[in-house]
């Protein structure tokens with residue numbers, strides 16, 4: 001990266017950008033973990049942010065920024081005001097969850113990477129459809145993977161790599 005170019009974090013941590021993004025996040029009331037399940041809301045946040053700030057960030061970049069800030073405990077918490085959604089796990093049968101787990105393990109990709117890489121969601125969606133004969137959007141499959149991981153029911157990929165707090 002050249003000296004004249006700023007990192008995304010530096011651009012978004014600005015005195016104007018971060019408060020605007022936080023304000024939009026609070027206004028929509030959808031937790032960062034749920035934004036992957038509600039891509040239309042993430043797109044609205046992205047469009048509003050770009051319109052207000054005259055930037056041209058994509059929604060994946062903004063989501064990654066919000067998730068990283070949340071992991072560093074530097075992001076607003078919605079608490080009881082967060083909008084509630086039916087668990088994505090209720091959308092899948094136990095056989096489908098078993099198949100999804102096998103695909104997740106076979107791909108050997110960190111669950112957070114699925115959140116930010118559209119081609120990984122597509123790959124997951126295609127492999128799932130091929131094995132089950134059922135089409136479920138990739139963002140819902142990713143939401144199921146993340147939910148299982150957060151509940152501690154599925155181990156993280158590459159056991160030798162610690163969570164972000166343990167790195168460094």
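Worth a mention:
- For the range 69-79, the set of residues classified as touching a helix residue (DSSP H, G or I) at 6+ places or on another chain (Cβ under 7 Å) and buried (at least 17 other Cβ atoms within 10 Å of the Cβ) consists of 75 only.
- Top-ranked residue of the range 80-96 - restricted to ones that are under 19 Å from the mean Cα position of the chain (by Cα) and in contact (Cβ under 8 Å) with a residue 24 or more places away in the chain, ranked as surrounded by the most Cβ atoms within 10 Å (Cβ to Cβ): 88
Rundown of residues vs (1) outside any loop (DSSP other than H, G, I, E, B); (2) in contact with a helix residue (DSSP H, G or I) (Cβ under 7 Å, 6 or more places away or on another chain); (3) modelled with pLDDT under 90; (4) not assigned by TED's automatic domain parsing to the domain that holds residue 118, yes/no style:
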site: 3; (1), (2), (3), (4): no, no, yes, yes
site: 14; (1), (2), (3), (4): no, no, yes, yes
site: 22; (1), (2), (3), (4): yes, no, no, yes
site: 30; (1), (2), (3), (4): no, yes, no, yes
site: 34; (1), (2), (3), (4): yes, no, yes, yes
site: 37; (1), (2), (3), (4): no, yes, yes, yes
site: 95; (1), (2), (3), (4): yes, no, no, no
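- Residues in the range 122-145 that are in a helix (DSSP H, G or I) and surrounded by fewer than 20 Cβ atoms within 10 Å (Cβ to Cβ): 122, 123, 125, 126, 127, 129, 130, 131, 132, 140.
- Residues located in the range 99-119, provided they are at pLDDT 90 or above and either touching a helix residue (DSSP H, G or I) at 6+ places or on another chain (Cβ under 6 Å) or buried (at least 20 other Cβ atoms within 10 Å of the Cβ) (or both): 99, 100, 103, 104
- Looking only at the range 42-52, and only at residues there that are surrounded by 13 or more Cβ atoms within 10 Å (Cβ to Cβ) and out of contact with any helix residue (DSSP H, G or I) (no Cβ under 6 Å at 6 or more places or on another chain), the one that is farthest from residue 30 (Cα to Cα): 50
The values are calculated or read from the model by the stated rules, or taken from the named source; none is laboratory data. In this text, all values refer to a predicted model and were calculated from it rather than measured experimentally. All Cβ positions, glycine included, derive from the backbone under ideal geometry; neighbour counts span all protein chains shown.
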